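Written out below as structure tokens is the structure these notes cover.
The values are calculated or read from the model by the stated rules, or taken from the named source; none is laboratory data. In this text the structure is predicted, and so the values were computed from the model without any measurement. Virtual Cβ from ideal backbone geometry, glycine too; neighbours counted across all protein chains shown. Heavy atoms of the whole protein, side chains included, go into the accessibility calculation; ligands, DNA and RNA do not. Shrake-Rupley method; radii C 1.70, N 1.55, O 1.52, S 1.80 Å.
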Amino acid sequence: MFRKFWIVALCLAGSAVFGKETVTNFTLDNGMDVVVVEDHRAPVVVHTLWYRVGSADEVAGKSGIAHFLEHLMFKATDTLASGELSDTVAANGGSDNAFTSYDYTAYYQRVAADRLGLMMQMEASRMTGLQLQPSDIVSERNVVIEERNQRTENDPGALFREQLRASQYMNHRYGVPIIGWMHEIEELNMDDAMAFYRQYYAPNNAILVVAGDVEPDAVRALAQQHYGAIPANPDLKPRDRTQEPPQLSPRRLTFEDPRVAQPYVTRSYLAPERDSGDQDTAAALVYLAEILGGSPATSVLGAKLQFDETVAIYTGASYGATSLDDTGFNLVIVPAEGVSLQDAEDAMDRVIAEFMETGPDPATFDRIKMQLRASQIYSQDNVESIGQRYGRALTQGLTVEDVQAWPDILQAVTADDVMAAAKLVFDEKKSVTGWLMTEGGNQ
């Protein structure tokens with residue numbers, strides 16, 4: 001009882017607590033944006049350099065080059081030996097990594113706060129000083145090929161999801177896998193890597209996010225010292241991506257593979273993303289995903305199909321709010337033994353139709369609103385997640401102000417807002433439905 005009271009009290013106080021991080025942002029003369037998020041609870045800092053380039057910015061025929069270059073960035077630079085950056089971070093008791101998405105590539109280090117200058121020194125070195133050798137290309141290309149083999153080629157579910165995405169995005173580069181198509185990965189070379197590097201790795205295409213036990217003036221001085229002397233790329237062009245033509249009819253995909261152990265049905269609808277200054281619809285879709293497919297015991301799909309009718313052993317809904325271009329709202333149902341994929345899909349459609357008639361249960365809606373507030377408050381305990389929240393948003397077209405407004409926008413969502421968003425998204429003509437099944441199996 002005490003714990004429940006504490007959580008409720010924390011959530012009620014949330015608007016005065018959450019989203020009010022002490023944030024300072026500025027831009028260096030060379031165009032590099034810097035965001036400083038102060039968190040003085042521990043002598044730790046997370047230094048992350050975000051580039052406004054991801055796999056969706058690749059040219060046709062060179063899929064996987066953004067991710068491939070991420071691997072190569074750990075090789076030698078004009079001042080660092082191959083692997084020296086990671087070795088230095090580890091020797092200083094820290095951790096580092098990198099990740100590539102459709103809209104960004106990021107490199108981070110988590111270290112003691114007094115090592116921040118060293119991190120900037122090393123990261124600045126590889127921003128423009130990468131020194132690749134032919135052997136680097138061969139070895140890392142083989143690593144990426146093996147990564148694709150393990151994570152995609154050997155996983156029928158991953159292959160299925162890849163085909164679904166390609167069906168959803170027929171013209172936009174979101175339809176191409178981040179890791180790349182195998183036949184194109186195999187052809188990536190030194191010229192491809194260096195051309196991509198020289199085009200996009202520049203201070204005027206980067207956002208530095210420093211979160212932790214730091215002072216803004218000190219960060220500014222260090223950033224100016226280590227990054228400020230790097231010249232901007234005058235040839236950097238605004239992001240210009242091919243966009244999807246209007247989808248005029250629903251699409252369907254059946255994927256058969258003898259390795260499939262558990263068939264399932266999934267559907268994806270094109271959906272609007274969070275836009276700067278206009279995040280209301282995205283906030284409503286966050287609620288819609290939770291209402292329909294959050295907790296199995298209390299969500300609309302879970303309660304009805306997993307517990308009341310035992311049609312499914314799993315149901316879910318998800319929405320990717322933070323995206324530079326149109327994103328997806330997804331539904332999934334894994335049928336129970338003896339239930340066909342067609343019956344499972346019909347049951348899912350029936351429950352969604354019923355929901356569109358009745359709307360969300362008021363008590364459930366209030367509970368989800370409280371849970372969202374609590375989860376966002378708790379997320380403040382992780383300095384790494386705080387920094388990533390800002391970095392992801394800024395590389396995908398949002399601002400610091402948008403990030404800080406988001407919790408209050410979520411709390412302002414009403415049941416009517418959720419239903420309006422549902423009517424907008426649940427357009428059959430903008431959907432792709434997929435069946436994953438064994439060869440000649442459950443239909």
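Brief remarks follow.
- Residue within segment 360-372 that is closer than 30 Å to LEU436 by Cβ and among the aliphatic types (A, V, I, L, M) present: yes
- Restricting attention to segment 256-303, the residues that are touching a Lys or Arg at 6+ places or on another chain (Cβ under 9 Å) and more than 24 Å from TYR390 (Cα to Cα) total 5.
- So VAL53, is it of a type in the set (A, V, I, L, M), part of a loop (DSSP other than H, G, I, E, B) and crowded, with 22+ Cβ neighbours inside 10 Å: yes
- Selected residue [polar (S, T, N, Q) and touching a strand residue (DSSP E or B) at 6+ places or on another chain (Cβ under 7 Å)] from THR298, THR364, THR315, THR322: THR315
- Checking HIS40, HIS71 one by one, the residue that is open to solvent by 20 Å² or more (accessible area, probe 1.4 Å) and outside any loop (DSSP other than H, G, I, E, B) is HIS71 and no other.
- The selection criterion, being in contact with a Lys or Arg (Cβ under 7 Å, 6 or more places away or on another chain) and at pLDDT 95 or above, does not hold for VAL334.
Condition check ((1) in contact with a His (Cβ under 9 Å, 6 or more places away or on another chain); (2) under 13 Å from LYS62 (Cα atoms); (3) surrounded by fewer than 16 Cβ atoms within 10 Å (Cβ to Cβ)) across all residues:
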position	(1), (2), (3)
HIS183	no, yes, yes
ARG198	no, no, yes
ALA202	no, no, no
ALA218	no, no, yes
ALA221	no, no, yes
HIS226	no, no, no
ASN233	no, no, no
GLN247	no, no, no
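- Residue that is most open to solvent (accessible area, probe 1.4 Å) [pool: residues in segment 249-276 that are assigned to a loop (DSSP other than H, G, I, E, B) and touching a Leu at 6+ places or on another chain (Cβ under 9 Å)]: GLN262
- The set of residues from segment 394-409 being surrounded by fewer than 20 Cβ atoms within 10 Å (Cβ to Cβ) and in contact with a Phe, Trp or Tyr (Cβ under 8 Å, 6 or more places away or on another chain) comprises just one member, VAL400.
- Residues of segment 386-426 classified as more than 24 Å from VAL209 (Cα to Cα), touching a residue at least 12 places away in the same chain (Cβ under 8 Å) and polar (S, T, N, Q), total: 1
- Considering segment 185-196, and only residues there that are in contact (Cβ under 8 Å) with a residue 12 or more places away in the chain, not polar (S, T, N, Q) and not in a helix (DSSP H, G or I), the residue that is farthest from SER63 (Cα to Cα) turns out to be GLU186.
- Failed criterion for ARG241 (all others in (1) modelled with pLDDT under 95; (2) open to solvent by 50 Å² or more (accessible area, probe 1.4 Å); (3) under 26 Å from LEU130 (Cβ atoms) hold): (2)
- Filter result for THR414 (over 20 Å from the mean Cα position of the chain (by Cα) and modelled with pLDDT under 95): no
- Condition check for THR79: modelled with pLDDT of 95 or more, among the hydroxyl-bearing types (Ser, Thr, Tyr) and surrounded by 22 or more Cβ atoms within 10 Å (Cβ to Cβ): no
- Each residue in segment 121-176 was checked for being in contact (Cβ under 8 Å) with a residue 60 or more places away in the chain and over 23 Å from THR266 (Cβ atoms), and 13 of them qualify.
- All positions within segment 356-385 that are among the polar types (S, T, N, Q) and either closer than 29 Å to VAL35 by Cβ or modelled with pLDDT under 85 (or both): GLN371, SER375, GLN376, SER379, GLN380, ASN382, SER385
- Selection of helices (runs of 4 or more DSSP H) fully inside segment 99-175 by the criterion of at least 3 residues being among the acidic types (Asp, Glu) and open to solvent by less than 10 Å² (accessible area, probe 1.4 Å) returns nothing.
- Conditions (1) in contact with a Gly (Cβ under 8 Å, 6 or more places away or on another chain); (2) open to solvent by 10 Å² or more (accessible area, probe 1.4 Å); (3) of a type in the set (A, V, I, L, M); number of the one not met by ILE65: (2)
- Hits in segment 410-443 (condition: assigned to a loop (DSSP other than H, G, I, E, B), crowded, with 20+ Cβ neighbours inside 10 Å and β-branched (Val, Ile, Thr)): VAL413
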